[in-house]
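The values are calculated or read from the model by the stated rules, or taken from the named source; none is laboratory data. It should be emphasised that the depicted structure is a prediction, and the values quoted were computed from it without experimental measurement. Neighbour counts are summed over all protein chains in view; Cβ atoms, including those assigned to glycine, are modelled from backbone coordinates with ideal geometry. Ligands, DNA and RNA are excluded from the accessible area calculation, which covers all protein heavy atoms including side chains. Shrake-Rupley method; radii C 1.70, N 1.55, O 1.52, S 1.80 Å.
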Amino acid sequence: MESDVTRPLPVPKPRSFPVVGSAPGPRCGHTLTAIAGPDGDLSKARLVLFGGATALEGSSTKASESPPSPSPAASAAGIRLAGATHDVHAFDVRSGTWEKIVPLGEPPSPRAAHAAAAVGNMVVIQGGIGPAGLATEDLHVLDFTDPDRPRWHRVLVQGAGPSARYAHTLSLVANRFLVAMGGNDGKSTLGDAWALDTSEKPYQWRKITDAGEMPSPRMYATAAARGDGLLLLCGGRDAGGTPLGDAYGFARHRDGRWEWHAAPGSMPVGRYQHGAIFVGNRLHISGGAVGGGRMIEESIATVVLDTNAGQWVSRTGNASPSDSAEDWTRRCRHAVSSVGPFVFIYGGLKGSQLLDDLLVADDSNGAELTIFDPRAQPWVSWMDSMHGNAAAAHMLAKAAMEEAEAAQALTAGRAGGGMENMREMDAQINSIERAARIRESEGSPDLSLHRGMAVPGSPMATPDVRLWHRAVVVHQENSLRGLVRQLSIDQLDNEGRRVGVYEGKGEKSPLFARTVSQPGGSKGSHKRMIDELLRPRTWKAPDERQFFLSAQDIGELCDNAERLFRDDPTVLELHAPIKIFGDLHGQFGDLMRLFEEYGTPSTAGDITYIDYLFLGDYVDRGSHSLETICLLLALKIEHPRNVHLIRGNHEAHDINALFGFRLECLERLGDDAGVWVWRRINELFNYLPLAATIENKILCMHGGIGRSIHKIDQISAIQRPVTMEEGGPVLMDLLWSDPTTNDAVTGVQPSPRGPGLVTFGPDRVKEFCKNNGLQMIVRAHECVMDGFERFASGHLITLFSATNYCGTAGNAGAILVLGRDLVMVPKLIHPLPPSEPRTPDSQGNIDDEGAHMNDAWMQSINDERPPTPPRGRPHLPGSSLEYF
């Protein structure tokens, strides 16, 4: 039976939304493109509708206003479009109202069956067909950098590019590359693909060849880009007029290679002239034609591809009796877009009728809906139709009022010097620089999404580091572990999400496979380790404590990893996007939960588009230190340029001999082999890097800056291999020091950890950041109740990833996900509740003695050597977990 964790969510049903304002009117073959507000603010998002056909040939509606489109625009049913237009309408998402816009500049020619994509605050239009035949292949840009004065520009592109065509696709991939594919040039159906790098001038199309399993030629397909860089091409019509039901993934590797890969399975029914858009990791497909003048059946008109589960989901079997009568999505040649969790569908063609309605579907699954005004009348009416009464709308309106009151109270508290408000950092750090506005005298706008790149060869200005004001939290109960509550951060869905779409039985899609250096060869202990342990959804602690690898295998693992660490600098120089992990302390189950909920470092996960940084303390305290350190070493070998480990204070033989790691090696490998493995891994620890910088703005270390560290160069000067004794005061401060108890305690103070250790105040942090050109320090080393904690007015963050530390703390675990825009999002997991009672055996006996004995030795160590109390909370002997 399929579990709740793996079962895909149901398909949301689009429902009619009131058309208020200057409505676009009936049309098909148009485009609907979403652009966010300043700095990605979805509460100020717009949907930009451009062009389309406003009449059918022979129809009285607008038939005399424009000559009919030529024969290539004819559909399989013989319907010919007329009344092509180049007008622009904008839908304000927050208020739910339409407005007709007359931009400055010269507009494109009237057209339909064109393609459009959003690049920042701009809508790019290409191709299509109009009264005079095929539109030119030029790129036209509608620039909303100044929202009150949008302007048309024509982009100058050098060299050859996609020929004039219609019924093709245009998408922005990885927030950088415009990709045009397929369509028809008036002579034949096309199967080519072209890419334009929006960050490089002069602009130039490059044809993509030798990129794996290229899709067959097709027109009227859809191509939707997921936020993490994956493009998915679905359906279409082949040269013989047959509707297609296949799907292809398309991605760009970090080394510049493009690759296609055919997706296993297919849509429930092949279709073309349909719509497709991503909401998070779910591809929503709506409507379409199936040939012979027939529309798709309503029961399967709306389907979803859940790319996490790799499953197609339809509404068949879930439809209510009233659904068939409404027949909302049985249409073709319509336009779709999405903002946050909402899918918007406008217009289209049903039979011989042009449609002028707007449909909206909610795929939020109960998350907070903050992108619209719940008091706006169109949204109130739509919510009424969704829930049968106005209760939901009234609840949202009340919640909005309460949130506004809370914001006012927090503002007042901030003025009074309060330090608990997580929004405080936004007021203390400069806002992200906006892209330069397009000057009216320029012939081509700057399509670059990378701020500060207007002058070729100049150093790129990067945005300031910001901690996002909401955290992402996973429910702590087993039955709901798969439900992630994303609190008002829909615009950050692309951060650290999975890239791999499909994971078949026993094999993984090679779509994102990369060539990496593997000192251990193509096969070895690291491969076996990954195959055995990197199972975020299915791993559970083995009943037998015997470790499955031999001492020889672990030695090979250490040899291969040590060669990589020798080549690493003492202070790593890393770049965003990146995930940062705090202390793990042998709690391998927590590491698997973090991988399951927030992405896995594998080619079927997100390793192609985001790096992983671990801040030390991999061993001791927990009962699965061997699994933890061996898997991380194996991942380092498999992905040497994308997985990074630095050293913690427990990566030292004199410490982990006392706190559990040595005893675990002996218990699980035998005395002689266990001692040898323990010594070999500690030799490896002496080669680990000691710190890392990210974009030269963030310094990551395990402990802190203590008394002796004033410059990063002091850390870089430490020669490895190094023991704690050889490292001197700098290494001791780096791995052992802590911030003071709060921002009011300044200077350098004695540490409660013991003689010779110190704590450092917020003044030290700010001075260190200023002297080294940094904006933030991220460190681990201390258990914090929420998994992360701010210090020094947000200039330092303490991160801890193991939950319920030592079985008594009751703390959450967290990671930090740093995006390309240097916005840092905390992502949390809570402690799991106590395990369910064990299942009786065939004689009805319940034997839990083995499980108790497995961890009894570790519990005795923790009792003899209690952990440091969670930061900011007094240690209460005998305290237990609270499960909310």
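If you rank ASP356, ASP738 by how much accessible surface each has, with a 1.4 Å probe, what is the order from largest down?
Ranking ASP356, ASP738 by accessible area, largest first, yields ASP356, ASP738.
At GLU106 and ASP210, where each label point lies 7 Å from the Cα along Cα→Cβ, what is the point-to-point distance in nanometres?
For GLU106 paired with ASP210, the spin-label model returns 4.0 nm.
Please identify the chymotrypsin sites (Phe, Trp or Tyr not before Pro) of region 147-180 that satisfy two criteria: DSSP loop assignment and at most 12 other Cβ atoms within 10 Å. Which are they? Walk me through the numbers before you get to the answer.
Details: sites: TRP152, TYR166, PHE177; in loops: none.
Sparse-neighbourhood loop chymotrypsin sites (Phe, Trp or Tyr not before Pro): none present.
Considering only Cα-Cα distances, which of the following residue pairs are longer than 31 Å: LYS579/LYS770; LYS13/LYS207; LYS540/LYS579; LYS187/LYS207; LYS527/LYS711; LYS44/LYS766?
Working: LYS579/LYS770 25 Å; LYS13/LYS207 39 Å; LYS540/LYS579 24 Å; LYS187/LYS207 20 Å; LYS527/LYS711 39 Å; LYS44/LYS766 35 Å.
Those over the limit are LYS13/LYS207; LYS527/LYS711; LYS44/LYS766.
Compare MET529, MET785 by solvent-accessible area with a 1.4 Å probe and give them largest first, with all protein chains kept in place.
MET785, MET529
Need one value: the accessible area of TRP676 in square angstrom, 1.4 angstrom probe, rounded to the nearest 10.
Surface accessible to solvent at TRP676 totals approximately 130 Å².
Round to a whole angstrom and tell me the spacing of the C-alpha centers of region 743-763 and region 238-284.
57 Å
Distance in nm between label sites at LYS527 and SER22, each 7 Å beyond Cα in the beta-carbon direction?
6.4 nm
Between ARG15 and GLN552, how high is the FRET efficiency from 1/(1 + (r/R0)^6) when r is the Cβ-Cβ distance and R₀ = 51 Å? Nearest 0.05.
On the way: r = 63 Å, r/R0 = 1.24.
The pair ARG15/GLN552 has a calculated efficiency of 0.20.
Show the residues, 5+ positions off or on another chain, whose built amide H is closer than 5 Å to the amide H of TYR203.
GLN158
Which whole-number value in Å² is the accessible area per residue of region 775-814, probe 1.4 Å? Spell out each step's value before the answer.
On the way: 640 Å² over 40 residues.
Accessible surface, normalised per residue, equals 16 Å².
Determine the dipole magnitude for region 623-725: charges of +1 sit on the beta-carbon of Lys and Arg, -1 on that of Asp and Glu, nothing else is charged, the reference point is the Cα centre, and the result goes in debye to the nearest 20.
Result for region 623-725 is approximately 420 debye, rounded to the nearest 20.
If we sort 29-36, 156-163, 685-692, 211-218 on the protection proxy, mean other Cβ atoms within 10 Å, highest first, what's the order?
Working: 29-36: 23.9, 156-163: 15.1, 685-692: 21.9, 211-218: 17.4.
So the order, starting with the most tightly packed, is 29-36, 685-692, 211-218, 156-163.
What ranking do 139-148, 752-761 get when scored by the average of other Cβ atoms within 10 Å per residue, highest first? It would help to have the intermediate numbers written out before the result.
Working: 139-148: 19.4, 752-761: 16.3.
The most tightly packed comes first, giving 139-148, 752-761.
With the crude spin-label approximation of a point 7 Å out along Cα→Cβ, what separation in nm comes out for GLU544 versus LEU156?
7.3 nm
Using 0.36 nm times the number of residues separating ASP654 and THR746, minus their current alpha carbon distance, what extension gain do you get?
30.0 nm
Once R0 is set to 22 Å, what does the formula 1/(1 + (r/R0)^6) return for the Cβ-Cβ distance between GLU200 and SER266, expressed as a FRET efficiency to the nearest 0.05?
Step by step, r from the Cβ atoms, then E = 0.05.
State in Å² the accessible area per residue of region 538-643; use a 1.4 Å probe, count heavy atoms of protein chains only, and round to the nearest integer.
26 Å²
Taking the full set of protein chains and a 1.4 angstrom probe, give the accessible area of VAL748 in square angstrom, rounded to the nearest 10.
Accessible surface of VAL748 is approximately 50 Å².
Can you give me the long-range amide H partners of VAL279? Hydrogens built in the peptide plane at 1.01 Å from N, cutoff under 5 Å, separation of 5 or more residues or another chain.
Placed amide hydrogens put HIS284 under 5 Å from VAL279.
Using the Cβ atoms and a cut-off under 10 Å, what net charge is assigned to the surroundings of TRP539, where Lys and Arg are +1 and Asp and Glu are -1?
+1
Could you sort GLU627, GLU297 by their accessible area in this structure, using a 1.4 Å probe and putting the largest first?
Highest to lowest solvent-accessible surface, that is GLU297, GLU627.
Quick check for me: using +1 on Lys/Arg Cβ and -1 on Asp/Glu Cβ, what's the dipole size of region 83-222 about its Cα centre, in debye to the nearest 20?
Its charge dipole is roughly 140 debye.
Report the accessible area of ARG820, computed with a 1.4 Å probe over the heavy atoms of all protein chains in place, in Å² rounded to the nearest 10.
110 Å²
So how much slack lies between ASN771 and GLN714, counting 0.36 nm per residue of separation and subtracting their Cα-Cα distance, in nm?
19.2 nm
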